[in-house]
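Notes follow the structure.
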Amino acid sequence: MPEHDLSALMERMRPALMAFFVRRLSDPVQAEDLIQDLFIRMATMTGPATNNPEGYIFQAAANLLRDNYRREATRSRYLQSRAGDPDLAIDPIDAERLLSARQSVGCVARTLGGLPDRTRQIFILYRLEGMQRKAIADAFGISVSAVEKHIASAMRALLADMGASQ
């Protein structure tokens with residue numbers, strides 16, 4: 001089907017298709033997705049154009065809806081089968097990984113504790129609290145460049161300590 005014909009058809013049929021899908025799904029977002037899928041399929045169709053594109057579109061829409069119901073039913077059955085699995089509640093972290101993580105956190109805490117107060121505070125605000133450099137600069141009454149230097153200093157210290165502990 002030529003692209004301009006498909007665009008015109010899509011514009012003309014979209015409201016009816018939206019109503020068709022929303023009545024059956026009660027979800028406008030999912031309806032939009034199915035409309036997109038339908039027109040993508042039509043755009044990539046290699047067979048001959050149909051004499052009744054409206055009828056074809058609604059037949060294809062009904063097929064898409066059926067496929068969607070099957071997919072959702074399969075997904076639901078899978079999730080229900082996994083919900084009863086007692087092994088899913090067990091965290092597979094072994095003791096060695098847990099010990100290693102605790103040591104890494106301890107190393108970071110020690111390194112941060114050894115930094116000058118202002119550098120530590122700026123680093124924590126930036127990396128852990130997600131504050132913008134400009135906001136930190138305003139809060140401390142310093143330039144953004146100075147904030148960046150404090151952050152870089154903290155990062156160098158952390159990298160050096162992590163490199164030394166490995």
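Between residue 108 and residue 66, the distance separating the two model label sites (each 7 Å from Cα on the Cα→Cβ line) works out to 5.3 nm.
Counted over all Cα-Cα pairs of the chain, pairs farther apart than 20 Å make up 71 percent. Entry comment: accessible area of the chain is 69 Å² per residue, from protein heavy atoms only and a probe of 1.4 Å.
Seen from all directions on average, the range 100-158 presents a Cα convex hull projection of 3.8 nm².
Roll a 1.4 angstrom probe over the protein heavy atoms and tell me the percent of accessible area of the chain that is carbon or sulfur.
Carbon and sulfur atoms account for 55 percent of the accessible area of the chain.
Exposure check, 1.4 Å probe, all protein chains in place: residue 44 carries approximately 100 Å² of accessible surface.
The values are calculated or read from the model by the stated rules, or taken from the named source; none is laboratory data. If you're wondering where the values come from, they're calculated on a predicted model, not measured in any experiment. Because the Cβ atoms are built from the backbone with ideal geometry, glycine has one as well, and the counts that use them run over all protein chains shown. Side chains included, ligands, DNA and RNA excluded: accessible areas come from the protein's heavy atoms. Shrake-Rupley method; radii C 1.70, N 1.55, O 1.52, S 1.80 Å.
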